[in-house]
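Novice: Here it is, the structure in full.
The values are calculated or read from the model by the stated rules, or taken from the named source; none is laboratory data. Keep in mind that what you see is a predicted model, and the values were worked out from it rather than measured. Positions of Cβ are backbone-derived with ideal geometry, glycine not excepted, and every protein chain shown enters the neighbour counts. Areas reflect the complete protein model, heavy atoms only, side chains present, ligands, DNA and RNA absent. Shrake-Rupley method; radii C 1.70, N 1.55, O 1.52, S 1.80 Å.
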Amino acid sequence: MGANQSVENFEVPSSEHTATLHYFGGRGLADQIRWMLAASNVDFCQKTVSSREKFLEMAGCQLPFGQLPLLQIDGVEIVQSQAAVRYLARRSHLAGTSSQEALKCDMIAEAIRDVLSLVVGAPFRKYGKVADAP
């Protein structure tokens, strides 16, 4: 979605901050975005999506893939976490100045995502294996 989005969006960006990050309470896919916002000195706030109803309303008009996190910055809305990380890296000149440097940055970003997925999934594991559903 671009700058000429519909005004029907459920959640509007903060007028007091450069960026607004929407995510569930807790850790997860938004962590890498938070780190990039901090590394690039972007003033941001986080709005917690705290109910299923709020999420469904956002999904109906604002989340094209029906997923969070949602990053609102520079008049655009970004809903894929790695797209947000790469956008922030390019925006703050942290994405490399050549194809080879950009590749190294992409590899580092993906390695961090891999490690993050292990950490985020840890509470759902039981003795090294994924716990059975009750």
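Novice: Keeping all protein chains in the complex and leaving out DNA, RNA and ligands, what accessible area do you get for Cys45 with a 1.4 Å probe, in Å² to the nearest 10?
Specialist: The value for Cys45 is about 30 Å².
Novice: If the label point is 7 Å along Cα→Cβ of Val115, which residues in region 75-107 have backbone nitrogen under 15 Å from it?
Specialist: Residues passing the 15 Å test: 105-107.
Novice: Looking at region 7-97, what % of its DSSP beta bridges pair antiparallel, to the nearest 5?
Specialist: On the way: 7 of 12 bridges.
So the antiparallel bridges amount to about 60 percent of the total.
Novice: To the nearest 20 debye, what charge dipole does region 3-72 have about its Cα centre, counting +1 at the Cβ of each Lys and Arg and -1 at the Cβ of each Asp and Glu?
Specialist: Values: 5 positive and 7 negative charges, 46 e Å.
Charge dipole of region 3-72: 220 debye, to the nearest 20.
Novice: Still on this model: Compute the relative contact order of region 1-105 as a whole-number percentage, counting only Cα pairs closer than 8 Å that sit 6 or more residues apart in sequence.
Specialist: Details: 132 pairs, mean separation 32.5, N = 105.
For region 1-105, the relative contact order is 31 percent.
Novice: Assign one of three labels to region 45-112, namely rounded, prolate or oblate, based on the Cα gyration tensor with a ≥ b ≥ c the square roots of its eigenvalues; rounded applies when a/c is under 1.5, prolate when it is not and a/b is larger than b/c, and oblate otherwise.
Specialist: On the way: a/c = 2.96, a/b = 2.42, b/c = 1.22.
Here region 45-112 falls in the prolate category.
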